[in-house]
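Have a look at the structure below before the remarks.
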Amino acid sequence: MDDRPSRARRRSRRRVSPADGGFPTRRRVVAISAASLSVLTIAGAVGLWTAYNGLNDNIKTVDIHTGTGGPGRAPASAAHDAMNVLLIGSDSRDGANSHYGDKNSGARSDTTMLLHVAANRKSATVASIPRDAMVQLPSCTQPDGVASTPQLGMLNSAYSIGGAACTVKTVEAISGLTVDHVLVVDFTGFKDIVDAIGGVPVTLDKAVNDPESHLSLPAGTTVVNGEQALAFVRVRHTLGNGSDIGRMGRQQQFLNSALDTLTSNGTLDDPAKLYKVLDAATKALTTDPGLGSLTALASFASDLKRVPRKDITYLTVPWQWYRPDPNRVELASKSQELFGAMRLDTAVPADVLALSVTQGEQTAS
């Protein structure tokens, strides 16, 4: 009897696994692999979406132009526009900041820096404005909705009158510029960002041991954590001449060192490290609505990244002693040359740079 049909049936049965529902084993493996990849892809997408939404929801915003009557053009919105961003360090003692002083003392702008990014993104200027500068404060909407009375006062009191919007309006009034965006960070937020970066190196010519700020650092270079960093940028009496002007140079140096660290320690190439920094930063920052999303902040960061580090100029807005009160300063006439260059999107005048260096040397000793 010819048994070829029987052998064919056996060969066919050997190619089919009895447990695979009738699919050949190879096809089953392919189907399972494809399904697994689909599940992993969906899970990854859901995880990324969840992370994105979490970071996005962290960001707090404040309207800086509604009702302020700010001058000039509309805020920059395209890459070909020059951009002015006000960086504000708040000294609020509320919440987690309460152990830095009286929690009922309100909030002022402990640090105010005006960042101008050139339209071609090939240069930028960071100009510190003295917090103790006596300026004309415009009428601002207060937290209770009542308009404040225009008055002469220190720049940092604008923040206590009407928050970031009032500080923006004041800077616009004294400079003739339009502030496109604002970034506000308080004490705790600043510390959290530094810790998320993994610390930032600072260099001292001599050791410091300040009982008021609890800053104790040796001479030379030290990688400081968030608490030490906050003390470093705020200390007055044991570094420099004890003035606010003297510590502005240290704040600029620290900002530059932090940017260097971010680009050199692998954070930008490590998703886990980058997420940690983004989580801390988005929780710490209060922005205007124009920067109030992760996408907008990423676009802003991309613009800054295009500026060569060597072409970022740090300086202090020119100032002079305020005659009625030797503990205060006022903006010098040269400050208008600086603001004029920003308005025209041209280089900082050489005489303004020279004056800033000279004044910095006077207050650093």
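The values are calculated or read from the model by the stated rules, or taken from the named source; none is laboratory data. Keep in mind that what you see is a predicted model, and the values were worked out from it rather than measured. Note that each Cβ is placed from the backbone with ideal geometry, even for glycine, and that neighbours are counted across all protein chains shown. Just the protein is used for accessible areas: all its heavy atoms, side chains included, with ligands, DNA and RNA removed. Shrake-Rupley method; radii C 1.70, N 1.55, O 1.52, S 1.80 Å.
Counting only residues that are crowded, with 20+ Cβ neighbours inside 10 Å and closer than 23 Å to THR61 by Cβ, segment 248-275 holds 1 of them. When THR295, THR358, THR346 are checked against the criterion of being over 18 Å from the mean Cα position of the chain (by Cα), of a type in the set (Val, Ile, Thr), farther than 23 Å from MET134 by Cα and loosely packed, with under 15 Cβ neighbours inside 10 Å, a single residue qualifies: THR346.
This table checks each residue for (1) touching a strand residue (DSSP E or B) at 6+ places or on another chain (Cβ under 9 Å); (2) farther than 21 Å from ALA284 by Cα; (3) at pLDDT 95 or above.
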residue	(1), (2), (3)
ASN156	yes, no, no
ASP195	no, no, yes
LEU204	yes, yes, no
GLU212	no, yes, no
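Would you mind finding the one in ALA124, ALA107, ALA45, ALA119 that is at pLDDT below 95 and either within 22 Å of the chain's Cα centre (by Cα) or charged (D, E, K, R) (or both)? Just one listed residue meets the conditions, ALA107. For segment 165-206, filtered to residues that are part of a helix (DSSP H, G or I) and polar (S, T, N, Q), the residue that is most open to solvent (accessible area, probe 1.4 Å) is THR188. Is at least one residue of segment 276-288 touching a residue at least 24 places away in the same chain (Cβ under 8 Å), open to solvent by less than 20 Å² (accessible area, probe 1.4 Å) and in contact with a Pro (Cβ under 9 Å, 6 or more places away or on another chain)? Within segment 276-288, one or more residues are touching a residue at least 24 places away in the same chain (Cβ under 8 Å), open to solvent by less than 20 Å² (accessible area, probe 1.4 Å) and in contact with a Pro (Cβ under 9 Å, 6 or more places away or on another chain).
I'd like to check something: does segment 224-244 contain any residue that is surrounded by 15 or more Cβ atoms within 10 Å (Cβ to Cβ) and at positive phi? Yes: one or more hits. All of (1) under 22 Å from PHE190 (Cβ atoms); (2) surrounded by fewer than 18 Cβ atoms within 10 Å (Cβ to Cβ) hold for GLN320 with one exception: (1).
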